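Undergrad: One structure, as structure tokens, below. Some questions next.
Only the coordinates and a few stated rules stand behind these numbers; no lab work does. The shown structure was predicted, so the numbers you read here are calculated from the model rather than taken from an experiment. Heads up, the Cβs are rebuilt from the backbone with ideal geometry, glycines too, and the neighbour counts pull from every protein chain shown.
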Amino acid sequence: MVAFQILFLYNLRADELLSATVADILPGDRLVIHGAKGSNSSVIFLPGLALSFPTDSTSDPLEKIFPFSYNKLWGWGRKLGLSFGRTNGHNNIVTHISRYLTARAVCNKSGSSVAGEVLRHRSRKSVSHYLSKGGKSDG
């Protein structure tokens, strides 16, 4: 599914992607992603975006680029086999799996400060959430 490819490519939170609207489209197939939970915003490149969502005066600027719910996305992720186990009875991580895997990989290579930057956290300390939780990856 395209939404999961985008989540993985850009290490986005699901709600950041799902909240994107036609008003967030920039020329050159770029899309403004508004940071959630205090994260910085960013611009991503999605080839063909302008063809799919013309931004002329007849377009509804509030039209969602990805018009489905978080729960629907989570369910599709489970069907794809995406899951990152969590301990202490917490739900499995599905939609944010790329953020957990990326944080751990970057931290191992370059340290937690760089991992925080990659995840667009304003606080470098907040990356510890991705390093201290979770369990074995089964997807």
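Undergrad: Compute the length gained on full extension between Gln5 and Ser19: take 0.36 nm times their separation in residues and subtract their Cα-Cα distance, giving the result in nm to one decimal.
TA: On the way: separation 14, 0.36 × 14 = 5.04 nm, distance 1.65 nm.
Fully extending the segment from Gln5 to Ser19 adds 3.4 nm.
Undergrad: In addition: Obtain the nm distance between the two label points defined at Val43 and Arg78 by a simple spin-label model: each point lies 7 Å from its Cα along the Cα-to-C-beta direction.
TA: 3.9 nm
Undergrad: When N is the residue count of the stretch 1-119, what does its C-alpha Rg come to as a fraction of 2.2 N^0.38 Å? Display every interim value, and only then the final one.
TA: Details: Rg = 15.5 Å, N = 119, 2.2 N^0.38 = 13.5 Å.
For the stretch 1-119, the normalised Cα radius of gyration comes out at 1.15.
Undergrad: Any chance you could tell me what percent of the C-alpha pair distances in the stretch 1-71 go past 21 Å?
TA: 18 percent
Undergrad: While we're here: Can you give the extra length, in nm with one decimal, that the chain gains between Asn71 and Ala105 once fully stretched, where that is 0.36 nm per residue apart less the Cα-Cα distance? Show your work: numbers first, answer last.
TA: Details: separation 34, 0.36 × 34 = 12.24 nm, distance 2.72 nm.
Here the segment from Asn71 to Ala105 would lengthen by 9.5 nm.
Undergrad: Amide H of Arg13 versus every other amide H placed in the peptide plane: which residues, excluding those fewer than 5 positions away on the same chain, fall under 5 Å?
TA: Distant-sequence amide H within range of Arg13: zero hits.
Undergrad: Could you sort out which of Lys79/Lys109; Lys37/Lys64; Lys37/Lys109 sit more than 28 Å apart by Cα distance in this structure?
TA: Values: Lys79/Lys109 31 Å; Lys37/Lys64 20 Å; Lys37/Lys109 26 Å.
Pairs exceeding the cut-off: Lys79/Lys109.
Undergrad: Length gain on complete extension for the stretch Ser59 to Ser113, per 0.36 nm per residue less the alpha carbon to alpha carbon distance?
TA: Values: separation 54, 0.36 × 54 = 19.44 nm, distance 4.10 nm.
That works out to 15.3 nm of additional length.
Undergrad: Still on this structure: Give me, ordered by chain and number, the residues 5 or more places off Gly35 or on other chains with an amide H under 5 Å from its own placed amide H.
TA: Ser41, Ser42
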